[in-house]
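The values are calculated or read from the model by the stated rules, or taken from the named source; none is laboratory data. Here the structure is a predicted model, which is why all the values come from computation and not from measurement. Using ideal geometry, Cβ is built from the backbone for each residue, glycine included, and neighbour counts are taken over all protein chains shown. Ligands, DNA and RNA are excluded from the accessible area calculation, which covers all protein heavy atoms including side chains. Shrake-Rupley method; radii C 1.70, N 1.55, O 1.52, S 1.80 Å.
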Amino acid sequence: MAAVLVVEDNPEHQAVIAEVVRRLGHDVTVASDGLAGLAAALAHRPDLVVADVDMPHLDGIRMCRALRDDPGTAGVPVVLVTAYLLPGDALLTGAEPAAIVPKPFRVRELTETLRACLETLTPPASEPATHHTAFVEAMLHSLDTGVVACDLDGRPLVVNQAVRDFFGEDARHIPVHNWISHFGLSRSDGSPLQLDELPLRRALRGEEVRHADMRAYDRHHRPHWFAVNARPMRDAAGVVLGAVAAVHDVTVDHHQHQYQRCKSKVLRALVHAPDTTRAAEAVLGAIGGELGWPYLRMWLVDEVTDRLRPAGTHTEPGVAPMVLPSSFERGAGLAGVCWARNEIVWVPDIHAADSPVLPAVAASSAYRAAGAVPVRSADKVVGVLTFFTHEHQEPEPALATLLTGISGHIGAYLERRRAEELANQLAASIGEYVALVGHELRTPLTSIGTYTDLIAESGDDTTIGEVRDLLAVIERNNARLRTLVERLLDLAALESGHAQLTVAAVDLVAVVAATVAEAGAGEPGPAIHTELPGQLIVPGDPVRLRQVAENLISNAVKYSPADSTVEVSLTTAEDTAVLTVTDAGMGIPAGERDRLFARLYRASNARHSGIPGTGLGLSLTRLIVGLHGGTISLREGERGGTVATVRLPL
C-alpha cells in the first residue's frame, strides 16, 4: 500500500482524485494549495504526488521542482493535472513529471494513469534526517510568505524567517494563545481580535481558514495588514496533530484600496461643500477618517501678513486639540517649512533633534509622527495641510502621490471658488452699477432741471432774492454731481493704474489723529474716543491713507446719534497694523453687509434716513486698502452699530 499525496485547490477535483486512489487500494493525504502540499511532502515523504498546476501560493510546477531539489523527495514521482498548459508545453516537461493528465479527464483515464505510476514504484533510498531537516529549513527561510506551524498546545514548531523578520526572534518561543497580547494583533479595522479568531486556533479546531484579515505592528511600530490561510495537520487516521498557517503581507493592496476610498471621499466633499470653510473641514474629515490620522489642520496664506493662518481642523473624537500658534511665517514650524520648501515634509519622529515641529508643540503633544503637504494654485503655494499621528510614518511613495493629488484638488477648488465668486460679483455689480448710476445721476439732475424750469418761468420782474432758495437747490445738487463724478474718476484711475500710489514711510497714528481732530471740529455730534499708540509706521501713500481714515471716521460720525461715542483704535497684530472704527449708528440691515463695497450702493436704512452720501466712500476705501496689500471688513457691533476693521501690512 502506497502513500499518495493529492494537491488540488478545487474541492470537487480533489475529492475525485482522492477517491480514485482509495479505490486502487492506497492511502491518501490531501492539501489545498502548493505551499501546503510541499510542506506535507517534506514532512512525510509520499510514494506518489498528484498535483494540479494552477494553484494559489505555489503552483504545481514550482512545487514539483522544489521536490526535485530535495534529496529526500527527489525520487518521488509526480503526476501533474492541468487545464492551464498543454501536455507538450516546455514548462510541463521541464518539471519532469511522471505523467500528465489534461483536464477535463475521465475517471477511467485517471485510474489507468495512476495505476501505471504506482506499479513502477521502488522503495526510496534512506537519507540522513539531518540532511532532510536542513533542506526544509533552507526552503522555509527562502520563502517571502510567512509560515507558522504549531502543535496541539499552540507551541510553535516552525516559524520561518519572514515571520521572525517582522515579529522578532522571540516569535519562535511565544505560544500562539499569547500572540494577540504580545504582538498587538487586531482585526484589519483595528478593533480587538479575540483569541478564538486566530487562524491557527481555528485550524486546531479542524477548520480550514482562507483569507483571514489581520493587522499587526512591526518592530518599528509600523502597521501592516495580512491575509492568513491556515489548516489543520492530520495523521493518516485524520486526527489533528497541529496546524500550519501561511501569512501573506497585503499592506500594499490594503493601502491601494484605502487611498482610492480616501480620494473619492475628498472629491465628493469638494463637490458638495458650499464654501471654503466647510470644504476644508469635510476634506480633513475624509482624510483623517480613511487614513486613521487623529489630527489634521489646513493652513491658508494670508495675503496681508504673508503668514499661514488656520482655515480648518479635524480632531478625532475624544482627542484633545493641539496647542498651536495662531499663524506661521515662511520657514517657521512644520507648516512654515513646508511652505518654504514647496514640497512634502515627512517627520517620522516629531521629538527628534532635526524635527521641524516647534519644540513647544512637540513637548505638549502625545503624537509620534507628522507631515505636511503644500497646497498649490498654479505655481503658487496658497496653503499647507499638516497631519499628526500616533504611528510611525516613513516616507511612502504611494501615500505621497495620494497627498499630492489631494492637495492639487484642494488648490483647484480654491482657484475655482475664487473665480466663481469674482464672476458672480461682477455679474451682480454690473447690473446694480447701471441702476445705481442712473439713480444717483437722475436724482440731482431732476432737482437741477425742475428748479431751473421754475426760475425760467418766473416773471421778468422777479428779483434775485425771490429765487435765491431755488438757486441754492441747484448749487447743492450741482456740487453733489461734481463730487460724484470726481470720485468715479478717482476710482477708475486707481483701478486702471493711471493713478499710482506714492509710497513712503507713513505714521498711521498721525494720519488717524489728524482725521479725528478734523471730524470733531465741525458741527456738534457724537464724541470720538481714541486709543492710539505713540507711533505706528507703515509703508503707504499718505494722501490715500488719509482718505481711508476720513471715509471710515466721517461715516461713523455721520450715522451715529449726537449723544453716542465713536471708538477709534489703532493696534498691531503680528506683522499687521489694525485700524478699528466702531460707531453706535443704525447698523447694516441683514443681507446687505457684503453689498456695501459696491459702487454707489447705500444701505436701505441709510438711503431713507435723509443723511446725504454718494455710496462711493467704501468702494474707494476698499480699493485703496487693497492696493496697499490690506483688507477691510464690516461686522455688527456688540451693542448695535457697525465695526469697520482695516488690516495693513507693516
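Please indicate, with yes or no, whether at least one residue in the stretch 186-209 is under 30 Å from residue 318 (Cα atoms), open to solvent by less than 40 Å² (accessible area, probe 1.4 Å), modelled with pLDDT of 90 or more and not hydrophobic (A, V, I, L, M, F, W, C).
There is at least one residue in the stretch 186-209 that is under 30 Å from residue 318 (Cα atoms), open to solvent by less than 40 Å² (accessible area, probe 1.4 Å), modelled with pLDDT of 90 or more and not hydrophobic (A, V, I, L, M, F, W, C).
Enumerate the helices (runs of 4 or more DSSP H) found wholly within the stretch 1-110, keeping only those where 2 or more residues are among the hydrophobic types (A, V, I, L, M, F, W, C) and under 30 Å from residue 144 (Cα atoms).
So the answer is 34-43, 60-69, 90-94.
Out of the residues in the stretch 586-600 that are open to solvent by 20 Å² or more (accessible area, probe 1.4 Å) and outside any helix (DSSP H, G or I), state the one that is modelled with the highest pLDDT.
For the stretch 586-600, the residue satisfying everything is 586.
Could we say that residue 210 is part of a strand (DSSP E or B) and either of a type outside the set (Lys, Arg) or free of Cβ contacts under 8 Å to residues at least 40 places away in the same chain (or both) here?
Yes; evaluated as a whole, the condition is true for this residue.
Among the residues of the stretch 526-563, write down those that are within 17 Å of residue 644 (Cα to Cα) and of a type in the set (S, T, N, Q).
530, 547, 551, 554, 555, 560
Tell me, yes or no, whether the stretch 22-38 has at least one residue that is without any contact (Cβ under 8 Å) to a residue 24 or more places away in the chain, β-branched (Val, Ile, Thr), surrounded by 14 or more Cβ atoms within 10 Å (Cβ to Cβ) and at negative phi.
Checked against the condition, which is being without any contact (Cβ under 8 Å) to a residue 24 or more places away in the chain, β-branched (Val, Ile, Thr), surrounded by 14 or more Cβ atoms within 10 Å (Cβ to Cβ) and at negative phi, the stretch 22-38 yields no hits at all.
Within the stretch 495-513, count every residue that is open to solvent by less than 40 Å² (accessible area, probe 1.4 Å), assigned to a helix (DSSP H, G or I) and modelled with pLDDT under 85.
0
Mind checking which pairs have a first residue in the stretch 319-348 that is in contact (Cβ under 8 Å) with a residue 40 or more places away in the chain and a second that is surrounded by fewer than 15 Cβ atoms within 10 Å (Cβ to Cβ) and among the small types (Gly, Ala, Ser), Cβ under 7 Å, 6 or more apart or different chains?
From residues that are in contact (Cβ under 8 Å) with a residue 40 or more places away in the chain, the pairs are 323/364.
If you scan the stretch 313-323, which residues turn out to be modelled with pLDDT under 90 and crowded, with 16+ Cβ neighbours inside 10 Å?
322
Pairs, please: C-beta under 6 Å, at least 6 apart or cross-chain, first residue closer than 18 Å to residue 404 by Cβ and in the stretch 266-294, second among the hydroxyl-bearing types (Ser, Thr, Tyr)?
From the stretch 266-294, the pairs are 270/413; 293/389.
Residues checked against (1) over 44 Å from the mean Cα position of the chain (by Cα); (2) farther than 22 Å from residue 633 by Cα; (3) surrounded by 15 or more Cβ atoms within 10 Å (Cβ to Cβ); (4) at pLDDT below 85:
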| position | (1), (2), (3), (4) |
| --- | --- |
| 515 | yes, no, yes, no |
| 537 | no, no, no, no |
| 541 | no, no, yes, no |
| 550 | yes, no, yes, no |
| 557 | yes, no, yes, no |
| 572 | no, no, no, no |
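Among the residues of the stretch 231-242, is any surrounded by 13 or more Cβ atoms within 10 Å (Cβ to Cβ) and under 28 Å from residue 290 (Cα atoms)?
no
Which residue is farthest from residue 623 (Cα to Cα), if the candidates are limited to the stretch 470-494 and must be surrounded by fewer than 13 Cβ atoms within 10 Å (Cβ to Cβ) and at pLDDT 85 or above?
472
Of the residues 346, 299, 293, which is in contact with a strand residue (DSSP E or B) (Cβ under 7 Å, 6 or more places away or on another chain) and closer than 20 Å to residue 261 by Cα?
293
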